[in-house]
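**Student:** Sharing a structure, written as structure tokens. Questions coming.
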Amino acid sequence: MAEMSFGPRLRPARGFDKKDHYLGIPGLSDPFAFLQGCVVSQVEMDNGPAIVQFPNAPAKMLAVVLPDYGPASNMRVQLCDLPRLPGGKLRATEVVVEVHSAGINPTDWKQRKGILSSLCKLSLPTILGIDFSGRVVRAGEEAPFAFGDEVFGRQTLDRMREVNGTYAEYCIVDAADVCRKPRSLTHDQAAAVPQACLAAYA
């Protein structure tokens, strides 16, 4: 388990020590070495479902995009449109989260390589990511959260395909998959919990 941190800018996880292994790979001391070969580019806006709106929303967001199945070097750091609303509006039970940290799980690299394509086929290009921790920037009328709440949770595989995963500065998540972040946990720590916790519980 490892974390990527976005916050307002892409950055290494807080408390990162270059002496440590990163992403479980011995000798990998550069927190962004796993993105070697990635190209930073801007994605042109296309005509599609409405883009989510919230206070002080930026024009674009940073995301790690997978254009095709394969190695990690396929992934691209891009400026993308904000998450789109498949139904044209935010559902009553949804929240928009500003992602501060995203967890990386075995499920993520299996999806990236296409190992799970027979069970969970992706529409490429896509933004992967299940676990997250961050701050609510907009909440549906039936969601038990408010602007500014610090939360953590997971994006289901179906929702990841419908909107986007958590390797982005913003994502839309169903409130049932979100919890308030304990004050005793940092965002980096909280983002490492959801999927691993569910796997241990199962």
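The values are calculated or read from the model by the stated rules, or taken from the named source; none is laboratory data. Since this is a predicted model, take the numbers as computed values, not measurements. Positions of Cβ are generated from backbone atoms using ideal geometry, with glycine treated the same way; all protein chains shown enter the neighbour counts. For the accessible areas, the whole protein counts, side chains as well, though only heavy atoms, and no ligand, DNA or RNA atoms are used. Shrake-Rupley method; radii C 1.70, N 1.55, O 1.52, S 1.80 Å.
**Student:** Quick one: with all protein chains in place, what share of the accessible area of region 120-202 is carbon or sulfur, to the nearest percent (1.4 Å probe)? It would help to have the intermediate numbers written out before the result.
**Tutor:** On the way: 2010 of 3820 Å².
That share works out to 53 percent.
**Student:** Around Glu142, under 12 Å between beta carbons, what's the net of Lys plus Arg minus Asp minus Glu among the other residues?
**Tutor:** -2
**Student:** Find out how many positive minus negative residues lie around Val151, taking Lys and Arg as positive, Asp and Glu as negative, among other residues whose Cβ is under 9 Å from that of Val151.
**Tutor:** Surrounding charge for Val151 is +1.
**Student:** Right, next: Distance between the C-alpha centers of region 166-202 and region 59-131? Whole Å please.
**Tutor:** Using only Cα atoms, the two centres lie 15 Å from each other.
**Student:** Right, another one. Can you give the net charge of the other residues whose Cβ lies under 15 Å from the Cβ of Tyr201, counting K and R as +1 and D and E as -1?
**Tutor:** It works out to a net charge of -1.
**Student:** Then there's this: Quick one: what are the phi-derived ³J(HN,Hα) couplings along region 126-134, Karplus 6.51/-1.76/1.60 with θ = phi - 60°, whole Hz, x for glycine and proline?
**Tutor:** Using θ = phi - 60°, the values come out as 8, 10, 7, x, 10, 7, 7, 9, x Hz.
**Student:** State in Å² the accessible area per residue of region 58-167; use a 1.4 Å probe, count heavy atoms of protein chains only, and round to the nearest integer.
**Tutor:** 40
**Student:** In region 160-179, whose amide N lies under 12 Å from the spot 7 Å out along Cα-to-Cβ of Asp68? List them in ranges.
**Tutor:** Nothing falls inside the zone, counting backbone N under 12 Å.
**Student:** Can you list the residues, at least 5 places off or on another chain, whose amide H is less than 5 Å from the amide H of Asp131, using H built in the peptide plane?
**Tutor:** The answer is Gly103, Gln155.
**Student:** If I stretch the segment between Phe54 and Ala200 completely, what's the gain in nm (0.36 nm per residue apart, minus their alpha carbon distance), one decimal?
**Tutor:** Details: separation 146, 0.36 × 146 = 52.56 nm, distance 3.55 nm.
Fully extending the segment from Phe54 to Ala200 adds 49.0 nm.
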